[in-house]
Structure formats: structure tokens, C-alpha cells
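Step one of this worksheet: look at the structure below.
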Amino acid sequence: DGASTLFKDEVDEHDVAEVVSKWTRIPVTKLLEAETQKLLKMEERLHARVVGQDDAVRAVAAAVRRARAGLQDPNRPLGSFIFLGPTGVGKTELARALAEFLFDDERAMIRIDMSEYMEKHSVARLIGAPPGYVGYEEGGQLTEAVRRRPYSVVLFDEIEKAHPDVFNVMLQILEDGRLTDGQGRTVDFKNAVLIMTSNVGSSAISESAGDDERVRAQVMEALRQQFRPEFLNRIDEIIIFKGLSLSEIKRIVDIQLRGLAKRLSERGIELELTDKAKEYLAHRGFDPVYGARPLKRTIQKEIIDPLAVRILGAEFAPGDAVTADVQNGEIAFGKKKGKKKAEQPAAV
């Protein structure tokens, strides 16, 4: 009788799908009925991680739904996008969120730094050296990564820095959905999403805030001067990311604090920040040049590091409800009175 709880008489298609998925890392269970419902709420799911950027999230969601519904050319990648905008406004975060949404794992994002491919000879590093050349056995950085993980989001960071010959490789992927590596193997990109980020036109985006039509016209003109028309014409969507407002930065503070609050709650400690504290972090963590990028460092310096010292010094312990406010121009920590007593287990 005990064996019957461990083994099934029959193996159904769901069991097979689970095993194949584990072996290949290919999410073969994806398009079940629950998946279609998930696709219809895609914007909501992406916005759990990406603050603001409504137009960008909408455009990405629409393109993915087209592909999933079978309306996209099956011989091309699942989707191809150029993300434009200043640094630190959510371009890379949207790529990570998309990888997590589509493939249940943000590690399904393959990042290629295009500043490493500025020289003509560096193209061989992307697809692998031909027979007889140094590095032949290693394979290409792009082709090998996609060959091992065909279901992925491939992020080409700062595409404008790549050598013009790199765009011949990109054109082949966008046109045929596949690429031949240095060893003559065909690598399939039909289940990959390609995202290219660029800072082209960033000054126009920053200077013309609020005038969307004018911004788009200026950015498209800058793109046409930088990239060949046959490359731009094969991209599904060219998406412009806007600068972030203070209220949006505060929402990013909330998102970044969630993980910390969860870790603290596992130790039996609650954390609550006042609006003043969140605004303080938002101001300190935002940079006009780097956007929200310094925010993580600011939260670490102003919240996490002082908390670590107080926890190790037994100032805060399990059962405490910790508050963070602003006093005399800096973050000040306190405890809610009576909370510890109420939450500690009674003596036996």
C-alpha cells in the first residue's frame, strides 16, 4: 500500500512534461490554460517589478501576446525590441521581469555587453572562431548561451557601441531566427526574445519631457543616423523609456524594501518606514545622470547597514516592530512600544 503512494500505474502527459522540462530547462508546460490567463494579465505582472513606463510595458506585452497567439512569423524570434532612454529608468529591469514572466526564472536573461564588441575581429567571439583558429572549441558567447538555453531573453546592452559587422549577425537572427556558429552548428533563436538597449536620443528624451510626439520624432531621427534602415525595419517595437518622477522613485523604494522586510520577518522582526523616510531615500537614491541606479546602494547604506549593527548588538530582536523615520536630516530608528511583549511566546 505504501508503494502506491510513491508510484503511479500510468504516466500522463503532465508527468512527461515535468521531466522533459527539468532535463532541458525548456518550459514545455507553459501554454496550459493558466498560461493564457497569465498572458491577459501580463501588464499587471510586469508592473509588479517595473515602475511607470506604461507605454513600454504595454508594447512588450502586446508583442508577446501576438507571438503566443500564433500571429507572429514563426521563423523569427519571439519578439525583438529596441529600448531607448536615459540610464536607470527600468530598461534592464523590464528585460529581467520579462524573462521571469515568460520562463519563470530571471536567470533566463542572457546579457551581452556590446561595448566588448567594438572591434571588427570581436564578431568571432559572438559566434565562435572558425576551425583552426584560437578559441574554436569554446564556441561563441552568444551562440553557446542560446544553444544551452534556447528559451531566453537576450539583452544586447548599448547596441550602438558594437562594430558595424556585428549588425550583419543581428540581421541574420532577426530575419531567419537562427544563426550558424563557428563550428557549423545551427543555433535556433525562434524561442528567444531579443532586447537591444541604447542611449541614442537620450538627451532629446530628457530635454523634451512631456512632448511625446516631438521626442519620438527626434529619437527616430537620431536612430536613423546611427543604424541602417534594414536593421531598424526588422525590429518589432522601438520603445522609448521616460525619466522617472519622484513618486515613481518612491514606488521603487517600496519594491526594493519588500525583500528586506521579508528577510527581517523570517527573523521575527517587522520593519516599517514612514513616508518621510521613503522620500528621504528617494531623494538620496536618485541621480539625474544615473536615474534610480544608486538607490540600492542608498538603501544599503541608510537602512540595511545600521539595522545589521543594531541586530548584532541585540538592540533589535525577534518580536520587535522597528520603525524608520527622518530626524535632524537623517534616518532614525525606533521600536513600537508594547509590540515585543505582545508577540513573544508565553512562558510554559
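For region 70-97, name all the residues that are over 23 Å from LEU223 (Cβ atoms) and either surrounded by fewer than 22 Cβ atoms within 10 Å (Cβ to Cβ) or charged (D, E, K, R) (or both).
GLY70, LEU71, PRO74, ASN75, ARG96
Taking region 310-326 as the region of interest, how many residues are free of Cβ contacts under 8 Å to residues at least 12 places away in the same chain and surrounded by 11 or more Cβ atoms within 10 Å (Cβ to Cβ)?
1
Could you tell me how many of the residues in region 195-220 are assigned to a loop (DSSP other than H, G, I, E, B), in contact (Cβ under 8 Å) with a residue 60 or more places away in the chain and either hydrophobic (A, V, I, L, M, F, W, C) or surrounded by fewer than 20 Cβ atoms within 10 Å (Cβ to Cβ) (or both)?
Count: 2.
For the structure I just gave you, tell me whether ARG293 is within 30 Å of ARG58 (Cβ to Cβ), modelled with pLDDT under 90 and in a loop (DSSP other than H, G, I, E, B).
So ARG293 fits the description; yes.
When region 27-47 is examined, which residues are found to be surrounded by 13 or more Cβ atoms within 10 Å (Cβ to Cβ) and modelled with pLDDT of 85 or more?
Within region 27-47, LEU39, MET42, GLU43, ARG45, LEU46, HIS47 qualify.
Exactly one of (1) of a type outside the set (Asp, Glu); (2) in contact with a Ser or Thr (Cβ under 7 Å, 6 or more places away or on another chain); (3) crowded, with 19+ Cβ neighbours inside 10 Å; (4) modelled with pLDDT under 85 is unmet by GLY182. Its number?
The one condition GLY182 does not meet is (2).
Considering only residues that are out of contact with any Lys or Arg (no Cβ under 8 Å at 6 or more places or on another chain) and aromatic (Phe, Trp, Tyr), look in region 219-274 and name the one that is nearest to GLU175 (Cα to Cα).
Here the answer is PHE231.
Tell me, yes or no, whether region 146-158 has at least one residue that is basic (Lys, Arg), touching a residue at least 40 places away in the same chain (Cβ under 8 Å), within 20 Å of ARG234 (Cβ to Cβ) and surrounded by fewer than 22 Cβ atoms within 10 Å (Cβ to Cβ).
no
With respect to ALA61, is the statement that it is in contact (Cβ under 8 Å) with a residue 40 or more places away in the chain and either closer than 23 Å to LYS242 by Cβ or in a loop (DSSP other than H, G, I, E, B) (or both) true?
Criteria not met by ALA61.
Counting only residues that are under 17 Å from GLY52 (Cβ atoms) and not in a helix (DSSP H, G or I), how many does region 248-287 have?
Residues flagged as under 17 Å from GLY52 (Cβ atoms) and not in a helix (DSSP H, G or I) within region 248-287 amount to 2.
Within region 255-274, how many residues turn out to be farther than 18 Å from ASP325 by Cα and among the charged types (D, E, K, R)?
Going through region 255-274 one residue at a time, the tally reaches 4.
Out of all the residues in region 60-79, is one or more touching a Lys or Arg at 6+ places or on another chain (Cβ under 6 Å) and at pLDDT below 90?
Within region 60-79, one or more residues are touching a Lys or Arg at 6+ places or on another chain (Cβ under 6 Å) and at pLDDT below 90.
Please verify whether ALA129 is more than 27 Å from ILE249 (Cβ to Cβ), small (Gly, Ala, Ser) and assigned to a loop (DSSP other than H, G, I, E, B), treating the condition exactly as stated.
It is true that ALA129 is more than 27 Å from ILE249 (Cβ to Cβ), small (Gly, Ala, Ser) and assigned to a loop (DSSP other than H, G, I, E, B).
I'd like to know if region 221-240 contains one or more residues that are part of a helix (DSSP H, G or I), of a type outside the set (Ser, Thr, Tyr), over 19 Å from HIS163 (Cα atoms) and more than 23 Å from the chain's Cα centre (by Cα).
Within region 221-240, one or more residues are part of a helix (DSSP H, G or I), of a type outside the set (Ser, Thr, Tyr), over 19 Å from HIS163 (Cα atoms) and more than 23 Å from the chain's Cα centre (by Cα).
The values are calculated or read from the model by the stated rules, or taken from the named source; none is laboratory data. Predicted, not measured: the structure shown is a model, and the values here were computed from it. Virtual Cβ from ideal backbone geometry, glycine too; neighbours counted across all protein chains shown.
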